[in-house]
1. Summarise the long-distance tail of P(r) for region 74-163 by giving the % of C-alpha pairs beyond 23 Å.
2. Heavy atoms only, 1.4 Å probe, whole protein assembly: order LYS87, LYS254 by accessible area, highest first.
3. Consider a paramagnetic label point 7 Å from the Cα of GLU53 along Cα→Cβ; state which residues of region 12-29 have an amide N under 17 Å from it.
4. Report, to the nearest 10°, how far helix 129-140 tilts away from the longest principal axis of the Cα atoms in the chain, using its own Cα long axis and a range of 0 to 90°.
5. Considering only DSSP states other than H, G, I, E and B, which GluC sites (Glu not before Pro) in region 188-243 qualify as loop sites with at most 15 other Cβ atoms within 10 Å?
6. Under the Kirkwood approximation for Rh and a Cα-based Rg, what ratio Rg/Rh is obtained for the chain?
7. Enter the angle in degrees (range 0 to 90, nearest 10) between the Cα long axis of helix 10-23 and the first principal axis of the Cα atoms of the chain, meaning the one along which they spread out most.
8. In region 187-225, which trypsin sites (Lys or Arg not before Pro) fall in coil by DSSP and have 13 or fewer other Cβ atoms within 10 Å?
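The values are calculated or read from the model by the stated rules, or taken from the named source; none is laboratory data. Computed from a prediction, not measured in an experiment: that's the story for all the values here. Don't worry about glycine lacking a Cβ; one is built from the backbone with ideal geometry, like all the others, and counts go over all protein chains shown. Accessible surface areas use protein heavy atoms only, side chains included; no ligands, DNA or RNA. Shrake-Rupley method; radii C 1.70, N 1.55, O 1.52, S 1.80 Å.
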Amino acid sequence: MKIITIIGARPQFIKAAVVSKLLKNQDKIEEIIVHTGQHYDEKMSGLFFNELEMPVPAYNLGVGSASHGEQTARMIEEIEKILLKEKPGLVLLYGDTNSTLAGSIAAAKMRSKIVHVEAGLRSFNKTMPEEINRIITDRVSDILFCPTVTAVENLKKEGIKEGVYLVGDVMYDSILCFEKECNVMTETLKKIILEKENETKRFLLATIHREENTNSMEKLSSILGAMGQMNEKIILPLHPRTFKYIRNEKLSCKNNIKVIDPVSYKEMLYLVKNASIVLTDSGGIQKEAFIFGVPCITFREETEWIETVESGMNKLVGSSAKSILEVYNEYLVNRKNLVPNPGDYYGNGNSARKIIEILTNQCMN
Ligand code: UD1
């Protein structure tokens, strides 16, 4: 059976890598990777394919940046042509990006069978483009692989019960797979973490890229302002969108904030694992912090990964400087009380294997 995998943004390369690695060994399955080109900078894309040893995509649509409608439309047009040519048995989609949405619309119109990995996640905030992408993709999918019990429950409430499988989180698989390799402080990281002589290894890690924060001068300056008041080093690998916004609006960062280029996956895992506190608006990084037992402050009002909050290890603070600093000060006191138990929520690190088993059974029928 032919499977077309559609990916395009950084977190999707990570999720697809663990599944693709196993698909490669399946005699009965041929995987064809389509990269939409949503992320195109070497540090947002090419780097990950090399590091994760992903097969080179058979197609690169090179759609690049545009408004949501235009970007998605360009993808749909090109994906449709590929589906017509390749006639796949299944279309495999990951997560909640515009590439996921484009894949789901193109495949649904062609009546291809759709598989969604990371199904059922909801923030219940429809102003997030990702929430719209998730709802639509789940609605048209035939096989829905959920990472958590909460995700299965969310689908049930929307009336989606058939074809739903609780398999655990492929990102947890990936962390377990790379855990040993990410213990090494690369030369690049050494220069950033131990910048000055006799500097301690203590640092905070921050990421900001969500549209709700990066497209609001008020919110972004409030977050950066709060970070500037934390009297310690904060490493901030910056998403190109945030970089452009800061530059265009001439926003300034205090000296304790060390702005760097996006880093590789293994370097990011090292930074999350060794940070004293993680500050982020990313979904994946909230979870990585939880898995490594690092307290997290999330610049959002809600999260799809509710388990991280219920455990007390992740606090949602929005963009208010006061709330950010309150939680930061609280963490400084309570740091040692946090004990992670990721296996209780995200599976046993064998999600990709479960996905392959189910897909292989499908191709027998
Ligand atoms: C996308 C996903 C988001 C995911 C994130 C991971 C959607 C709606 N959002 O957000 O769910 O968490 O990826 O990073 O699909 N840009 C570059 N170089 C690149 C990529 C992007 O300069 O390689 C800039 C462009 O100016 C672009 C902007 O970043 O317009 C935003 O990129 P886009 O792909 O629209 O969404 P992300 O913010 O990356």
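1. Tail of the P(r) past 23 Å holds 19 percent of the pairs.
2. Sorted descending by solvent-accessible area, the residues read LYS87, LYS254.
3. Inside the label zone: 14-26.
4. 20 degrees
5. GLU195, GLU197, GLU199, GLU232
6. Taking Rg over the Kirkwood Rh, I get 0.96.
7. Relative to the chain, helix 10-23 is tipped by roughly 50 degrees.
8. LYS196, LYS201, ARG202
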